[in-house]
Amino acid sequence: MSLHVLQPGLFTTVQDKGRAGFQKYGVPVGGAMDAFALRTANALVGNAEDAAALEMTLTGPALRFDTDALIAICGGDLSPSIDGDAVPAWRPVYVKRGGTLRFGGCRSGCRAYLAVAGGIAAPRV
């Protein structure tokens, strides 16, 4: 699965559960700000609960999918839509190849999580 970032959004990052156990070396745990939303989004698409996902703050990106994909968006309501049709949160959603996922203004909360079946390829560092 691949997707193209058409617009990055205000502050979109790749997040997972963080890195517990390294605080003694001065490394903070980090990870998703809303761990419950991250775990739920991953569970809805069949990923491991600690798989990497996109964390979006206040306004999200515009993403075009190059293949069919199963996604879930959990957390705050950043008014997501696929090709102009509203996308429900907190449930799995099928995106057809060529579909464009866009986020509008923030309606509630400030962070949302986008999980994609199969995960986001990101090295663990």
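Only a single criterion out of (1) in contact (Cβ under 8 Å) with a residue 24 or more places away in the chain; (2) touching a Gly at 6+ places or on another chain (Cβ under 9 Å) is not satisfied by A115, namely (2).
Remark: pairs (first residue in the stretch 91-102, modelled with pLDDT of 95 or more; second residue among the hydroxyl-bearing types (S, T, Y) and not in a loop (DSSP other than H, G, I, E, B); Cβ separation under 9 Å; 6+ apart in sequence or on different chains) = T100/S81; L101/S81; R102/S81. You will find that of L78, L63, the residue that is touching a Cys at 6+ places or on another chain (Cβ under 7 Å) and open to solvent by less than 20 Å² (accessible area, probe 1.4 Å) is L78 and no other.
D68 passes every criterion in (1) open to solvent by 60 Å² or more (accessible area, probe 1.4 Å); (2) among the acidic types (D, E); (3) within 11 Å of the chain's Cα centre (by Cα) apart from (3).
Summed over the stretch 15-42, the residues that are touching a strand residue (DSSP E or B) at 6+ places or on another chain (Cβ under 6 Å) and either modelled with pLDDT of 85 or more or open to solvent by 40 Å² or more (accessible area, probe 1.4 Å) (or both) give a count of 8.
Of all residues in the stretch 93-110, those being in a loop (DSSP other than H, G, I, E, B) and surrounded by 15 or more Cβ atoms within 10 Å (Cβ to Cβ) number 2.
In the set (1) of a type in the set (F, W, Y); (2) open to solvent by less than 50 Å² (accessible area, probe 1.4 Å); (3) part of a loop (DSSP other than H, G, I, E, B), the condition left unmet by Y113 is number (3). Considering the stretch 81-91, and only residues there that are buried (at least 16 other Cβ atoms within 10 Å of the Cβ) and closer than 21 Å to R39 by Cβ, the residue that is nearest to the chain's Cα centre (by Cα) turns out to be A89.
The values are calculated or read from the model by the stated rules, or taken from the named source; none is laboratory data. Here the structure is a predicted model, which is why all the values come from computation and not from measurement. When we count neighbours, we look across all protein chains shown, and the Cβ atoms used for this are built from the backbone with ideal geometry, even at glycine. Note: areas computed on protein heavy atoms with side chains; ligands, DNA, RNA excluded. Shrake-Rupley method; radii C 1.70, N 1.55, O 1.52, S 1.80 Å.
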